[in-house]
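Read through the structure below, which is laid out as structure tokens, and then see the notes.
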Amino acid sequence: MDWSRAKTILIIAFIVLNLFLGLQLNQLVKQQSDYVETEEISLAQLKQIAKKSRIQFPEEPDNTPTTLAAYKATVTPIRLAGWKKNELNGYSKTYATPLTFHNERELNRLLSMEVPRFGDYELMETSRDKRIYMQHVKGRPILDALLEVELAASSIKAIHVVHYDLSQSPTAEELMTYPSALYQVITNLNTKGPASITNPKLGYRAAYGGSKEEYILVPYWRFEFGNNWIYLNATKREAKEKMEIVPKQSIESKGKTP
């Protein structure tokens with residue numbers, strides 16, 4: 001037997017086999033990558049991933065759309081007496097003599113008189129010393145368009161407000177599915193113990209639109225995670241965008257433009 005020739009044939013066979021296996025592995029990785037990029041994560045698959053990570057998540061909100069408008073917008077100026085522009089590019093007003101009220105109806109009446117476009121806001125959070133409202137557009141919240149009212153002994157001490165004027169007709173953005181959004185969140189959370197994601201909210205977040213005064217209201221998911229908010233771009237074309245974890249805090253303490 002010609003062992004030299006047999007050895008050469010075996011080496012060539014191993015090289016061909018390795019090339020074949022390499023191509024197969026490359027194809028498998030590409031398919032998995034395409035699978036994630038096309039956001040074809042099913043609810044059953046998400047549940048398996050969440051169970052392995054020991055993370056609980058809420059059911060999908062009712063009537064979650066497949067597309068959502070994205071708007072161009074500008075911050076609404078307030079030129080009334082007593083209002084001052086703040087670091088958030090919004091406006092604040094502090095009362096030397098607090099405005100007294102006796103019930104929620106009187107509080108809302110005062111706010112409708114003091115805050116321009118108060119009807120655009122919905123109450124989101126209530127505590128003994130604070131009320132937080134959020135601007136809505138066509139039933140969807142603008143997550144960083146907040147109206148925060150500081151209270152003390154049934155009196156208004158100060159008001160902080162960010163409001164957006166929509167300056168252009170909306171363009172439709174295709175959204176990733178709810179399971180795909182949660183897949184992005186769960187697989188990027190650095191947690192070792194049991195944890196819960198709660199309070200899903202699909203709305204808008206303001207991004208700079210090319211000039212200091214112009215913003216784009218981009219569809220975003222916001223989730224609650226312990227003492228933090230999780231923000232995730234909800235559009236399919238930005239599915240790879242890194243999510244952001246932000247500590248819960250009031251508007252006047254953020255110290256940065258939304």
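The values are calculated or read from the model by the stated rules, or taken from the named source; none is laboratory data. All of these numbers come straight from a predicted model, not from anything done at the bench. Neighbour counts run over all protein chains shown; Cβ positions are idealised from the backbone, glycine included. When the accessible area is computed, the model is the full protein with side chains, heavy atoms only, and any ligands, DNA or RNA have been set aside. Shrake-Rupley method; radii C 1.70, N 1.55, O 1.52, S 1.80 Å.
Of all residues in region 80-99, those that are farther than 9 Å from His160 by Cβ, part of a loop (DSSP other than H, G, I, E, B), in contact with a strand residue (DSSP E or B) (Cβ under 8 Å, 6 or more places away or on another chain) and not aromatic (Phe, Trp, Tyr) total 2.
On the stretch given as region 173-228, residues that are assigned to a strand (DSSP E or B) and either over 16 Å from Ile55 (Cβ atoms) or in contact with a His (Cβ under 8 Å, 6 or more places away or on another chain) (or both) total 19.
So is Lys72 within 24 Å of Leu202 (Cβ to Cβ) and at pLDDT below 95 or not? When the stated conditions are applied, Lys72 passes them. Scanning region 107-127 for residues that are surrounded by 17 or more Cβ atoms within 10 Å (Cβ to Cβ) and in contact with a Gly (Cβ under 6 Å, 6 or more places away or on another chain) turns up nothing.
The set of residues in region 100-130 that are within 29 Å of Tyr208 (Cβ to Cβ) and not in a helix (DSSP H, G or I) comprises Val115, Pro116, Arg117, Tyr121, Glu122, Leu123, Met124, Glu125, Lys130. Candidates in region 72-106 are the residues that are surrounded by 12 or more Cβ atoms within 10 Å (Cβ to Cβ) and among the aliphatic types (A, V, I, L, M); of these, the one that is nearest to Glu148 (Cα to Cα) is Leu88. Of all residues in region 161-172, those that are part of a strand (DSSP E or B) and open to solvent by 30 Å² or more (accessible area, probe 1.4 Å) total 4.
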